[in-house]
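Read through the structure below, which is laid out as structure tokens, and then see the notes.
The values are calculated or read from the model by the stated rules, or taken from the named source; none is laboratory data. The structure presented is a predicted model; accordingly, all values stated were derived computationally and were not measured. Neighbour counts are summed over all protein chains in view; Cβ atoms, including those assigned to glycine, are modelled from backbone coordinates with ideal geometry.
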Amino acid sequence: MNKIGFACKWIDRPDQVNGIKASDDCKKYNTGTTTVAWLSRQTKKTAEAKLLSIVKQNLEATRKLVQKVGTLNESLRMVRISSDLLPVYTHPDWNYFYQQSDVLGLLERNFNTIGHIARDRGIRLSFHPGQFCVLASDRPDVVENSIAEFEYHADMARWMGYGKTFQDMKINVHISGKLGTAGFRAVYNRLSDVAKNCITIENEENTYGLDECLDIADLCPIVLDIHHHYIKTGEYISSDDPRIEKVISSWRGVIPVFHYSVSREDILSNHDINDKPDLILLLESGLNKQKLRAHSDFMWNNAVNDWALSHLSWGDCMVEAKGKNLASFKLFEYWKRFDV
DNA sequence: GAGGGTCAAGTCCGT
DNA sequence: ACGGACTTGACCCTC
């Protein structure tokens, strides 16, 4: 039975898509952060105390989140861990903080525990470095920063006991960058073994789509984002499409992951929930791709859900929605609605 | 607590 | 040129 997962955050109520308040109980499952500007305004001692406090809380929150996910139905045991876990880890002024032996010890112990829980409970974990990780940039300084950013995630994977074998955990990025697949290929060779075992690439809505990803499927697995593909091409790709065979091969026997999101419900508020939106018609009606890219709170369209769920035949589904775990739960209920 | 200004970093699209 | 979208709006400060 394949899985339906969610990304980075746990919420208890739908209204929390608009932000989690300090007094909300679900705060304990979610990471916090600070800013470089604030840290730089403090004394070194104050800044370090703040960082240590945030790191401890974030490790605790992530452990609780993973434990919580471990209590769900097996088909829901899949979660992306927030990149905010260790704030300013790759910032030149602050990365020294994480190289101190006492901090390092703290990280190793806590991540080790999280990794054990995940393996024990059959939880599929992943990371998704943010938009600043542009491995194929044409700017050398950006490439260097991006490698550091990627290796930050690889460090966390390694501390959790992952990165030992091909795709025991995924760290997913876009190709991005003007150097495209050639640039990506060149940078790939500079990554650590853990990073190489974990890296996957995801098709984008604008520049690098499924075809470009397939060009480097020999290097690393492809995470097919079926909504990105729809926004780029207008196509609701079928689960028996020959390109999907190639995506599956890129995972070399590991169950692939695909991403599923849908256009915002308030953009398409008049749309029939039992009818898949036609991209051409939407564009003709005056909507633009940028608006259609934005993620919904929930997976509100039954017809689109039916299509997305058909892809569970070959992969695990990562739901990208503002409604987070609540959105993945509702989709799961929809999926299981005919079961006794 | 609420509200407004601020926040490390890249890239693209639409206006 | 600038705002908004993406990974994931949250944090910080003032009232």
Problem - Tally, over the stretch A:176-195, of residues that are of a type in the set (Val, Ile, Thr), farther than 13 Å from A:GLU212 by Cα and modelled with pLDDT under 95 - result: 1
Problem - Count - residues of the stretch A:287-340 that are exposed (fewer than 14 other Cβ atoms within 10 Å of the Cβ) and β-branched (Val, Ile, Thr) - result: 1
Completion exercise
In the stretch A:271-300, residues that are of a type outside the set (Gly, Ala, Ser) and within 22 Å of the chain's Cα centre (by Cα) total 10
Completion exercise
When every residue in the stretch A:43-81 that is among the polar types (S, T, N, Q) and either outside any loop (DSSP other than H, G, I, E, B) or in contact with a Lys or Arg (Cβ under 7 Å, 6 or more places away or on another chain) (or both) is compared, the one nearest to DNA strand B (Cβ to nearest atom) is A:ASN58
Exercise for the section: Identify the single condition in (1) within 15 Å of DNA strand C (Cβ to nearest atom); (2) assigned to a helix (DSSP H, G or I) that A:THR90 does not satisfy, given that it satisfies every other one. Expected result: (2)
Practice task
Go through the residues of the stretch A:50-58 one by one and say whether even a single one is among the basic types (Lys, Arg), more than 18 Å from the chain's Cα centre (by Cα) and within 30 Å of A:HIS116 (Cβ to Cβ).
Solution key: yes
Exercise for the section: Output the residues belonging to the stretch A:46-68 that are within 11 Å of DNA strand C (Cβ to nearest atom) and either more than 24 Å from A:ALA154 (Cα to Cα) or of a type outside the set (Val, Ile, Thr) (or both). Expected result: A:THR46, A:ALA47, A:LYS50, A:LEU51, A:SER53, A:GLN57, A:ASN58, A:ALA61
Problem - Subset tally (residues that are basic (Lys, Arg) and more than 16 Å from DNA strand C (Cβ to nearest atom)) for the stretch A:248-305 - result: 2
Completion exercise
So, first residue of a type in the set (Val, Ile, Thr) in the stretch A:17-30, second residue in a helix (DSSP H, G or I) and away from DNA strand B (no atom under 14 Å from the Cβ), Cβ within less than 7 Å, six or more apart or across chains; the pairs are A:ILE20/A:CYS26
Handout entry: Subset tally (residues that are of a type in the set (D, E, K, R) and within 16 Å of A:ILE199 (Cβ to Cβ)) for the stretch A:137-162
Key = 4
Handout entry: Candidates A:THR71, A:THR43, filtered to the one that is out of contact with any helix residue (DSSP H, G or I) (no Cβ under 7 Å at 6 or more places or on another chain), more than 12 Å from DNA strand C (Cβ to nearest atom) and more than 25 Å from A:TRP159 (Cβ to Cβ)
Key = A:THR43
Exercise for the section: Restrict the check to the stretch A:2-22 and report whether at least one residue is in a loop (DSSP other than H, G, I, E, B), surrounded by 19 or more Cβ atoms within 10 Å (Cβ to Cβ), among the hydrophobic types (A, V, I, L, M, F, W, C) and more than 7 Å from DNA strand C (Cβ to nearest atom). Expected result: yes
Practice task
Tell me, please, whether a residue that is of a type in the set (A, V, I, L, M, F, W, C), more than 16 Å from DNA strand B (Cβ to nearest atom) and closer than 25 Å to A:LYS44 by Cα can be found in the stretch A:110-117.
Solution key: no
